[in-house]
Amino acid sequence: MNRRRFLGAGVAVLGAGAVGAFAGPATARLLAEARPGRLLSSEVPLPAAFQVPLPVPAVLAPVRSDATADHYEITQQVARLEILPGLRTEAWTYGGTFPGPTLVARSGREVVVRHRNELAVPTVVHLHGGHTPAESDGYPVDLLLPVGSSADRSTWAAHADHTDHADHPTAGMAGMAGMTGMTGAADRSRTVTGERTYAYPCRQRAATLWYHDHRMGFTGPAVWRGLAGFHLVRDEEEDALPLPRGERELPLMLADRSFAADGSFAYPAADQTLAVPGVTEDYMNGVLGDVLLVNGAPWPRAGVDRARYRLRVLNASNTRLYRLELDPQPSGGGALVQIGGDGGLLEQPIAHDAVEIAPAERFDLVVDFSRYPAGTQVRLMNRFGSGRTEEVMRFDVSSRPVRDDSTVPERLCTLERLDPAAAVTTRTFGFRRSRNAGWTINNQPYEPGRALARPALGSTEIWRFFSDVHHPVHVHLNSFQVLSRNGKDPGPYDAGWKDTVDLRPAEAVEVLVRFTDYAGAYMLHCHNLEHEDMAMMADFVVE
Ligand SMILES: [Cu+2]
């Protein structure tokens, strides 16, 4: 698609938007409560809640291991899954399942994943939260073209292109190397056909990461159709803690989806052939599904012992924000004991009654079900939802006598605190809808190769993000620490190392980030996937 068409789409949306681009103070107050997205209703009857057991994604076995690395292979393929009972849904999957298989990595041991693309569309794999060299980070035009599609590269290139060069046969790939601001470090000749090997050195602490599609302009529909999975990193520091483990450690991928009459995933793409990025006007502020899936199952239930469980909660929804709360609450409250966030363990646990989680954020929570009488049915609620979207899943507390040796120590680890005085500069990034260019950062729609920042390798900077409406802001390469929210202390969900921070309407959040180990072109972007696809991304180049 060319720039003219893209801008045209943006203008049409602005005309229809209920939310103004530059809201005044009164509007801003109204927006402070508003959450993004529009509900897309399914065309099939929704199943009753708590009927299907909670699935746990299988852990992928390496195809081989050597002294320094574990090697994996994943085939991206269409699979017909039974997500709603009695219906078949064609999904785009990693390895035939949704979520994809869970990779379990050891800190300091390299993970090498060979992805083979047997889908009908190009893909890009991003390891979210990974501390990854640029060439394996999933830069959004580093396409992995479908197997056997080499003769047709120019078609895919045009699909990925938001620029004026769409009529040029190499647009979207190597052709972008000629664009303004392109550096040698961001050589855009990394499109390949059939297979790509991503290498993750994994020089990072234990944390809940996830991998998902990141193709420019099409991340929303690709993730919606199923391209997401867990990637856990473990280390000795965490292993030494007496946390719940084994069957009492559950990854929970939250994702809302909608279904068409034939059981397929419904998604309001501007162009159902996915030749043009973005969604129809009504869904410019994001797509909300009316079916809540946990690990790919609608409103599942899980039998639990009267014991502590570690719940690694990931919000893999395109747009939906959740306020998670247990119902009933155990007497005394504080049921959701947060032990970690996006970037791994917190220094000390934080007991929450409720946890607010924006797209792409992770909360590592310990829940002690022995605080409930045997037989209690404990619902995980989403207090930001209504009707069917207010319920997420249910835990059924068993009556069988069990042993639980786990505890949550008062001190979980020693966290390095980044020092604001060490910051060499402060940069400001405004996340706003622009009058003439869709969703933008500093009024600029995304253009590969145009860097909005060039931090020096090894340096620490303060990045200040501000918003018009809700934007969950994600920075690649390094985790950050939240310094302030609206000039005040960080909020209750900002603790520890994070890689995604939720900006509420008309907020300013300052984070401290240190750029380590790898030079090259990386991204910062909104993780509302519809905003991301409609150009709310920017490059930064570490040099
Ligand atoms: Cu956004």
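The values are calculated or read from the model by the stated rules, or taken from the named source; none is laboratory data. Computed from a predicted model, the values in this text were never measured in an experiment. Backbone-built Cβ (ideal geometry, glycine too); neighbour counts: all protein chains shown. Calculation scope for accessible area: heavy atoms of the full protein, side chains included, ligands and nucleic acids excluded. Shrake-Rupley method; radii C 1.70, N 1.55, O 1.52, S 1.80 Å.
Would you please classify the overall shape of segment 272-353 from the alpha carbon gyration tensor, given that a ≥ b ≥ c denote the square roots of the eigenvalues, rounded means a/c under 1.5, and beyond that prolate means a/b larger than b/c while oblate covers the rest?
Judged from the Cα gyration tensor, segment 272-353 comes out prolate (a/c at least 1.5, a/b above b/c).
Once the other residues with Cβ under 10 Å from the Cβ of residue 442 are scored (Lys, Arg +1; Asp, Glu -1), what is the net sum? Let's see the in-between values first.
Values: positive: 427, 432; negative: none.
Result for the local shell: +2.
Shape of segment 411-527 from its Cα gyration tensor (a ≥ b ≥ c, root eigenvalues): rounded if a/c is under 1.5, otherwise prolate when a/b > b/c, or oblate?
Oblate, because a/c is 1.5 or more while a/b does not exceed b/c.
Taking Cα pairs under 8 Å and at least six residues apart, what relative contact order does segment 337-432 come out at, in percent?
Dividing the mean separation by the residue count of segment 337-432 yields 28 percent.
Tell me, what HN-Hα J-couplings in whole Hz come from the Karplus equation 6.51 cos²θ - 1.76 cosθ + 1.60 at θ = phi - 60° for each residue of segment 295-304, using x for Gly and Pro?
Result, ordered by residue: 6, x, 10, x, 6, x, 10, 10, x, 10 Hz.
So in the chain, what percent of DSSP beta bridges are antiparallel if you round to the nearest 5? Show your work: numbers first, answer last.
Numbers: 96 of 135 bridges.
Looking only at bridges with both residues in the chain, the antiparallel portion is about 70 percent.
Along segment 243-260, what does the Karplus equation 6.51 cos²θ - 1.76 cosθ + 1.60 (θ = phi - 60°) give for ³J(HN,Hα), rounded to whole Hz, x for Gly and Pro?
7, x, 8, x, 5, 9, 10, 10, x, 10, 8, 8, 8, 9, 9, 10, 10, 7
Name the residues whose placed amide hydrogens come within less than 5 Å of the amide hydrogen of residue 483, ignoring near sequence neighbours (fewer than 5 apart) on the same chain.
510, 511, 512
Long-range amide H contacts for residue 38: which residues qualify at under 5 Å (H placed 1.01 Å from N, peptide plane, sequence gap of 5 or more or a different chain)?
Those lying under 5 Å, H to H, from residue 38 are 286, 287, 288.
Return the carbon/sulfur percentage of the accessible area of the chain, one whole number, probe 1.4 Å, all protein chains in place.
Carbon and sulfur: 49 percent of the exposed surface of the chain.
How much length would be gained if the chain were fully extended between residue 347 and residue 88, taking 0.36 nm per residue of separation minus their Cα-Cα distance, in nm to one decimal? List each step's numbers first, then the result.
On the way: separation 259, 0.36 × 259 = 93.24 nm, distance 4.48 nm.
Full extension from residue 347 to residue 88 adds 88.8 nm.
Compute the signed sum of charges (Lys and Arg +1, Asp and Glu -1) over the other residues within less than 9 Å, Cβ to Cβ, of residue 235.
Neighbour charge sum, excluding residue 235 itself: -1.
Once a ≥ b ≥ c are taken as the square roots of the eigenvalues of the Cα gyration tensor of the chain, is the result rounded (a/c under 1.5), prolate (a/b larger than b/c) or oblate (a/b not larger than b/c)?
It comes out rounded by the Cα gyration axes.
Could you list which residues have their amide H under 5 Å from that of residue 132, counting only those 5 or more apart in sequence or on another chain, with H placed in the peptide plane?
477
Rounded to the nearest 20 debye, what is the charge dipole size of segment 183-331 about its Cα centre when +1 sits on each Lys and Arg Cβ and -1 on each Asp and Glu Cβ?
Working: 18 positive and 19 negative charges, 62 e Å.
So the dipole magnitude of segment 183-331 works out to roughly 300 debye.
Let me know the charge dipole size of the chain about its Cα centre in debye, to the nearest 20, where only the beta-carbon of Lys, Arg (+1) and Asp, Glu (-1) is charged.
420 debye
So, for the chain, what is the accessible surface per residue at a probe of 1.4 Å, expressed in square angstrom?
35 Å²
Only loop residues by DSSP count here, and only those with at most 15 other Cβ atoms within 10 Å; note down the trypsin sites (Lys or Arg not before Pro) in segment 333-406 that meet that.
Here the sparse-neighbourhood loop sites are 383, 403.
Given the DSSP H assignment, sum -39500 (n - 2.57) over each helix run of at least 4 residues in the chain and divide by its residue total; what's the result at 222 nm in deg cm²/dmol, nearest 500?
-2000 deg cm²/dmol
Could you check the simple spin-label distance between residue 464 and residue 64, using points 7 Å along Cα→Cβ, in nm with one decimal?
Going by the 7 Å Cα→Cβ label model, 5.3 nm.
Taking Cα pairs under 8 Å and at least six residues apart, what relative contact order does the chain come out at, in percent?
On the way: 1498 pairs, mean separation 92.1, N = 543.
It comes to 17 percent, rounded to a whole number.
Could you go through segment 305-318 in sequence order and give the Karplus-derived ³J(HN,Hα) for each residue, using 6.51 cos²θ - 1.76 cosθ + 1.60 with θ = phi - 60°, rounded to whole Hz, and x for Gly and Pro?
6, 6, 7, 7, 10, 9, 10, 8, 8, 10, 8, 9, 6, 5
Between residue 425 and residue 147, what length comes free when the chain is fully extended (0.36 nm per residue of separation minus the Cα-Cα distance, one decimal in nm)?
95.6 nm
Could you work out how far the C-alpha centroid of segment 315-385 sits from that of segment 255-288, in angstrom?
Segment 315-385 and segment 255-288 have Cα centres spaced 29 Å from each other.
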